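Asker: Would you mind keeping the following structure in view while I ask a few things?
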Amino acid sequence: MSEEILKKIPVETKWAITTQSFIGAYSAIIQLVGPSVEVEKLMELNNTVMGEGSKIAFPQIKEGFNVPVEDAIGAANLIDVVTQLQMGTEFEAERVEETPERVVVRTHKCPWGTWNKENSAWAKSEYMICTEGHQAWGEVGLKAVNPKLTHKMTKSMMKGDPYCEYVIEFKK
């Protein structure tokens, strides 16, 4: 019976439900813990969770799907795959610069940012759970696959920018 029901659900719908469930669960945990700890400790917890998750996921996905990460373009490709697998298919992003030494990515639509803006008390504060967590996620994850890579968030929709932007650089 359940197999018949699952076959009727389009893959896109399954991804959307999974994404929203994961985002909602993670954000709910942060919001539940938040009032009981200092904001700095909450940010530290958030960044540690995001970084530790990427430290596991990036190498697994790199090896499991044979994604070469020998330059900034390869790193951007890996982030694209990890993003889709961990966070869903709702992202809309574009590469505005792409060389082996440097890739600049702009995200125009993000289910994490949308959820946080609509549901999180932290969205109105100076502490950017989403932005700082994404920085830790990219930075730690890329270091885990190639220590010559850097990841830096340069813009954030959560801070009022028209898009999120991050820069990946390959240091020789």
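Asker: Are any residues in the range 57-67 part of a helix (DSSP H, G or I) and in contact (Cβ under 8 Å) with a residue 12 or more places away in the chain, and if so, which ones?
Answerer: Scanning the range 57-67 gives Ala57, Phe58, Pro59, Ile61, Lys62.
Asker: Only residues that are in a helix (DSSP H, G or I) and at pLDDT 95 or above: list them for the range 135-172, please.
Answerer: Selection gives Gly138, Glu139, Val140, Gly141, Leu142, Lys143, Ala144, Val145.
Asker: I'd like to verify a number: residues in the range 34-48 that are surrounded by 14 or more Cβ atoms within 10 Å (Cβ to Cβ) and without any contact (Cβ under 8 Å) to a residue 40 or more places away in the chain, how many?
Answerer: 2
Asker: For the range 97-123, enumerate the residues that are among the aliphatic types (A, V, I, L, M) and at pLDDT below 80.
Answerer: Across the range 97-123, the qualifying residues are Ala121, Ala123.
Asker: Okay, next question. Quick one: Gln31 ticks every box in (1) polar (S, T, N, Q); (2) assigned to a helix (DSSP H, G or I); (3) without any contact (Cβ under 8 Å) to a residue 60 or more places away in the chain except a single one, so which number is it?
Answerer: (3)
Asker: Could you tell me which of the residues Glu94, Glu70, Glu132, Glu126 is part of a loop (DSSP other than H, G, I, E, B) and modelled with pLDDT of 80 or more?
Answerer: Glu70
Asker: Further, regarding this structure: Filter the range 72-84 down to the residues that are surrounded by fewer than 21 Cβ atoms within 10 Å (Cβ to Cβ) and not small (Gly, Ala, Ser) and list them by number.
Answerer: Within the range 72-84, Ile73, Asn77, Asp80, Val81, Thr83, Gln84 meet the criteria.
Asker: Consider only pairs whose beta carbons are under 6 Å apart and that are at least six residues apart or on different chains; among these, list those whose first residue lies in the range 1-19 and is in contact (Cβ under 8 Å) with a residue 40 or more places away in the chain and whose second residue is small (Gly, Ala, Ser).
Answerer: Close Cβ pairs (under 6 Å, with a partner that is small (Gly, Ala, Ser)) amount to Trp15/Gly88; Thr19/Gly88.
Asker: Let me ask something else. Let me confirm something: among Lys14, Lys7, Lys55, which residue is more than 22 Å from Lys152 (Cα to Cα) and surrounded by 11 or more Cβ atoms within 10 Å (Cβ to Cβ)?
Answerer: Being more than 22 Å from Lys152 (Cα to Cα) and surrounded by 11 or more Cβ atoms within 10 Å (Cβ to Cβ) holds for just one of Lys14, Lys7, Lys55, which is Lys14.
Asker: Would you mind telling me which numbered condition in (1) outside any helix (DSSP H, G or I); (2) at pLDDT below 90 Ile23 fails?
Answerer: For Ile23, the failing item is (1).
The values are calculated or read from the model by the stated rules, or taken from the named source; none is laboratory data. The structure presented is a predicted model; accordingly, all values stated were derived computationally and were not measured. Note that each Cβ is placed from the backbone with ideal geometry, even for glycine, and that neighbours are counted across all protein chains shown.
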